[in-house]
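J.: The structure under discussion is supplied below as structure tokens; questions concerning it will follow.
Just so you know, all these numbers are worked out from the coordinates, no wet-lab data involved. Only a predicted model underlies this, so the values are computations on that prediction, with no experimental measurement involved. Cβ atoms come from the backbone with ideal geometry, glycine included; neighbour counts cover every protein chain shown.
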Amino acid sequence: METGLKKMTFGAGCFWCTEAVFLNVNGVVKVESGYSGGKVKNPTYREVCSGLTGHAEVTQITYNPKLVSYTDLLEIFWNTHDPTTLNRQGADEGTQYRSVIFYNDENEMKIAEAYKKQLDQSHIFKSPIVTEISPLTNFYPAEDYHQNYYALNPNQAYCQYVIRPKVEKFKAHFASKLKK
């Protein structure tokens with residue numbers, strides 16, 4: 001990895017959606033879809049979709065902290081999915097779609113927990129935040145056909161009706177954080 005770059009791993013529902021959003025963030029160098037938080041080594045998509053492995057669909061973001069901070073990425077994370085629905089995002093349901101932040105160290109844990117507490121206390125969301133905050137113990141890249149899915153399949157129905165509106169909303173809300 002290039003010197004000075006950092007990684008952040010989290011789940012916000014379908015990894016195709018979160019990957020499409022974060023690829024647009026200035027300072028983000030790479031976004032990789034994958035699986036974390038489960039008990040099976042090198043799980044397949046089919047295994048994760050069964051809900052039996054314990055993994056969440058996640059995106060692992062490699063970023064330049066000189067251009068975008070961990071807190072900035074958390075802000076985008078909190079605002080581009082519903083962190084109040086347990087094991088569900090839209091029509092996607094199951095533990096593999098849970099809202100989760102996998103931290104790399106104690107500092108990231110403290111920042112994520114403080115941010116979550118601040119959001120809960122501000123009542124920005126009508127319901128309590130159920131986002132899990134856990135240590136990163138593993139990351140398994142998803143199969144190649146899941147990587148850069150939205151860009152490679154823009155006319156697919158899921159991309160048009162689910163991902164595209166999320167990306168457009170992100171671009172409108174976070175214009176100052178977009179890649180030039």
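J.: Could you work out the relative contact order of the range 1-88? I mean the mean sequence separation of Cα pairs under 8 Å and 6+ apart, divided by the number of residues, in percent.
T.: 39
J.: Let me ask another. Report, for the range 6-177, the % of DSSP beta bridges that are antiparallel, rounded to 5.
T.: Working: 21 of 25 bridges.
Percent antiparallel among DSSP bridges in the range 6-177 is about 85.
J.: Turning to a different aspect of this structure: How much net charge surrounds T131 when only other residues with a Cβ under 13 Å from its Cβ are counted (Lys, Arg +1; Asp, Glu -1)?
T.: It works out to a net charge of 0.
J.: Moving on. Just round it to a whole percent: the fraction of Cα-Cα distances in the range 6-177 exceeding 23 Å.
T.: On the way: 5069 of 14706 pairs.
Of all Cα-Cα distances in the range 6-177, 34 percent exceed 23 Å.
J.: Let me have the relative contact order for the range 6-177, percent, based on Cα pairs under 8 Å that are six or more residues apart.
T.: 31
J.: Which entries of K117/K171; K7/K110; K116/K166; K30/K110; K7/K41 have Cα-Cα distances beyond 18 Å here?
T.: Check vs 18 Å cut-off fails for K117/K171; K116/K166; K30/K110; K7/K41.
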